[in-house]
């Protein structure tokens with residue numbers, strides 16, 4: 001059937017904001033315990049609740065948390081995995097009060113609090129021998145920054161004892177299978193966990209820890225990720241000491257050497273890219289040139305066997321009953337939980353998406369590299385406008401939206417992202433950039449933003465436009481830019497210091513680096529030391545690169561979307577920028593969400609945010625809305 005010709009950016013679309021909130025719930029944090037496989041499902045339509053789910057030996061799947069309980073930790077503000085289970089019990093951190101709760105899995109009962117309000121916990125593990133939980137703890141103070149530590153919590157009494165303290169941050173407390181040793185990673189200001197971390201281990205006894213030993217990371221030159229014990233009590237971890245995040249044994253030698261990344265930046269607790277099938281076999285995930293892969297490593301030989309399949313976006317590795325399980329998706333396939341055995345057989349066990357879209361309505365990403373000024377190659381995924389019923393005029397090129405991921409130490413993938421398809425199905429092109437400083441391309445690429453945030457990332461948005469315009473893929477006169485958090489800073493910097501873009505959207509973004517350096521949470525309070533320079537010693541650079549101080553350069557419309565409970569990027573960042581733009585008489589919109597923090601979890605807020613942004617762009621380009 002012939003397509004109807006209609007102006008780019010105004011096409012009717014079946015991908016509504018409401019569909020995005022209900023069609024594909026988020027999945028993460030797989031755990032295997034005995035015959036059971038657990039994971040966490042995020043549900044925007046259910047007041048943003050995160051529900052722990054379980055698949056038993058009979059293959060049946062059930063919710064373990066009834067309303068109003070929700071799995072969520074506020075340690076480091078970003079939280080992460082905050083539950084652990086055995087055959088009969090579930091222990092989890094509840095979002096509302098940050099207490100650890102116990103739920104009996106054998107009877108229909110209400111969860112019971114083990115800890116008292118006042119402390120935060122994450123990264124729980126169960127010490128069955130001592131009948132205690134071991135977790136990363138966080139205590140907040142009125143007059144100084146929060147205190148982090150590794151704690152042991154008596155399950156029966158809730159009594160807490162400190163196992164390790166003194167470092168600024170901790171993660172991955174893990175007990176060896178024989179219950180004799182505990183390992184963990186720790187790091188200090190001003191490092192972030194992808195800059196420099198230390199791996200420690202100690203003997204675990206009734207009296208706490210003994211014979212503490214620094215295993216790796218003493219020289220500050222490597223970032224260590226996900227220490228894990230093999231079934232025969234050998235310690236493994238991921239290190240980037242040779243530029244690439246590769247899996248190593250406790251001796252420090254790589255299990256195999258590959259120019260690929262077997263890790264991701266540790267923004268949340270419990271992130272996992274590998275696990276043990278057995279003593280000699282590791283099931284693993286890795287990213288190479290922006291694409292994710294899965295497979296198995298034979299530890300004695302170091303041989304890697306890739307599992308060929310249709311998935312290109314993978315996370316949350318967990319081995320269970322001889323299979324490697326993970327959250328897997330692809331460009332036209334919503335995330336699901338799949339298991340892969342060593343013969344390459346793939347089994348999907350949970351696919352909650354209710355998405356029913358024609359694949360001809362889904363834009364397929366093109367992985368591409370484009371040159372920067374000094375010849376460095378920058379990566380991105382390009383999505384063309386795609387709609388089974390509509391096409392643009394033959395003599396016109398589409399407007400383009402440049403996406404800037406958060407972090408900035410982070411990455412974008414090629415998995416199905418309905419928030420991208422929302423735009424492409426309406427006739428916008430999208431370029432999702434892994435600007436210099438992103439992960440997945442080695443330590444050197446990741447550190448390219450050292451002292452250069454607000455410079456190289458902004459340049460890369462311009463290089464992307466130049467490249468795509470040269471390829472006749474987009475209209476360089478109709479360029480938009482959007483991003484959240486750190487990506488919002490790139491947005492505001494690009495709008496202020498360049499004339500490439502006609503409008504932009506900042507979602508909980510940063511306009512004043514100086515304010516951020518003095519008014520953010522502990523985890524990121526020294527992040528800017530590397531990205532910008534030490535504060536206040538280099539206050540001049542903070543002022544030089546802050547859009548708030550260069551209002552004369554910002555001369556195009558901007559929409560700001562901001563959660564009023566945001567502790568990471570406080571609302572005053574957006575409010576200062578809004579006033580500045582209003583005073584110049586430039587079109588600006590400020591959309592606030594009183595019940596949201598850093599990022600939007602609730603369905604009604606996600607819908608409102610996306611619809612407001614769409615209406616803003618269509619107004620800027622004078623596109624008649626056809627939905």
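The values are calculated or read from the model by the stated rules, or taken from the named source; none is laboratory data. Fair warning: this is a prediction, and the values are worked out from it, not measured in the lab. Virtual Cβ from ideal backbone geometry, glycine too; neighbours counted across all protein chains shown.
Laid out as a table, the results:
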item: Listing of strands (runs of 3 or more DSSP E) fully contained in region 81-197 that carry 1 or more residues being surrounded by fewer than 13 Cβ atoms within 10 Å (Cβ to Cβ) and modelled with pLDDT under 95; result: none
item: Residues (assigned to a helix (DSSP H, G or I) and either in contact (Cβ under 8 Å) with a residue 60 or more places away in the chain or surrounded by 19 or more Cβ atoms within 10 Å (Cβ to Cβ) (or both)) located in region 530-540; result: 530, 531
item: Among (1) part of a strand (DSSP E or B); (2) buried (at least 18 other Cβ atoms within 10 Å of the Cβ) - the single one residue 73 does not satisfy; result: (1)
item: Residue list for region 288-306, filter: modelled with pLDDT of 95 or more and in contact with a strand residue (DSSP E or B) (Cβ under 6 Å, 6 or more places away or on another chain); result: 292, 293, 294, 295, 296, 297, 304, 305, 306
item: Check on residue 578, part of a loop (DSSP other than H, G, I, E, B) and touching a strand residue (DSSP E or B) at 6+ places or on another chain (Cβ under 9 Å); result: no
item: Members of region 499-529 found to be within 19 Å of residue 406 (Cβ to Cβ) and in a strand (DSSP E or B), listed by number; result: 504, 505, 506, 507
item: Residues of region 321-352 satisfying the condition of being in a loop (DSSP other than H, G, I, E, B) and either crowded, with 21+ Cβ neighbours inside 10 Å or in the same structural domain as residue 432 (by TED's automatic domain parsing) (or both); result: 331
item: Test: residue in region 173-188 that is assigned by TED's automatic domain parsing to the domain that holds residue 234, touching a residue at least 60 places away in the same chain (Cβ under 8 Å) and under 20 Å from residue 214 (Cα atoms); result: no
item: Cross-chain or 6+ apart pairs with Cβ under 6 Å, region 381-393 first and surrounded by 20 or more Cβ atoms within 10 Å (Cβ to Cβ), then in a strand (DSSP E or B); result: 381/367; 381/432; 382/366; 382/368; 382/431; 383/430; 385/429; 390/4
item: Residues located in region 231-283, provided they are touching a helix residue (DSSP H, G or I) at 6+ places or on another chain (Cβ under 6 Å) and either outside any strand (DSSP E or B) or over 18 Å from residue 172 (Cβ atoms) (or both); result: 243
item: Residue match in region 16-25 (condition: farther than 30 Å from residue 398 by Cα and part of a strand (DSSP E or B)); result: no
item: Of the criteria (1) in contact with a helix residue (DSSP H, G or I) (Cβ under 9 Å, 6 or more places away or on another chain); (2) farther than 28 Å from residue 522 by Cα; (3) assigned to a helix (DSSP H, G or I), which one residue 615 fails; result: (1)
item: Filter result (in a strand (DSSP E or B) and either surrounded by 17 or more Cβ atoms within 10 Å (Cβ to Cβ) or at pLDDT below 95 (or both)) within region 581-612; result: 588, 589, 590, 591, 593, 597, 599
item: Among residues of region 358-380, those that are within 26 Å of the chain's Cα centre (by Cα) and in a loop (DSSP other than H, G, I, E, B), counted; result: 6
item: Residue 496 vs. criteria buried (at least 18 other Cβ atoms within 10 Å of the Cβ) and either part of a helix (DSSP H, G or I) or in contact with a helix residue (DSSP H, G or I) (Cβ under 7 Å, 6 or more places away or on another chain) (or both); result: yes
item: Check on residue 527, more than 24 Å from residue 148 (Cβ to Cβ), buried (at least 20 other Cβ atoms within 10 Å of the Cβ) and out of contact with any strand residue (DSSP E or B) (no Cβ under 7 Å at 6 or more places or on another chain); result: no
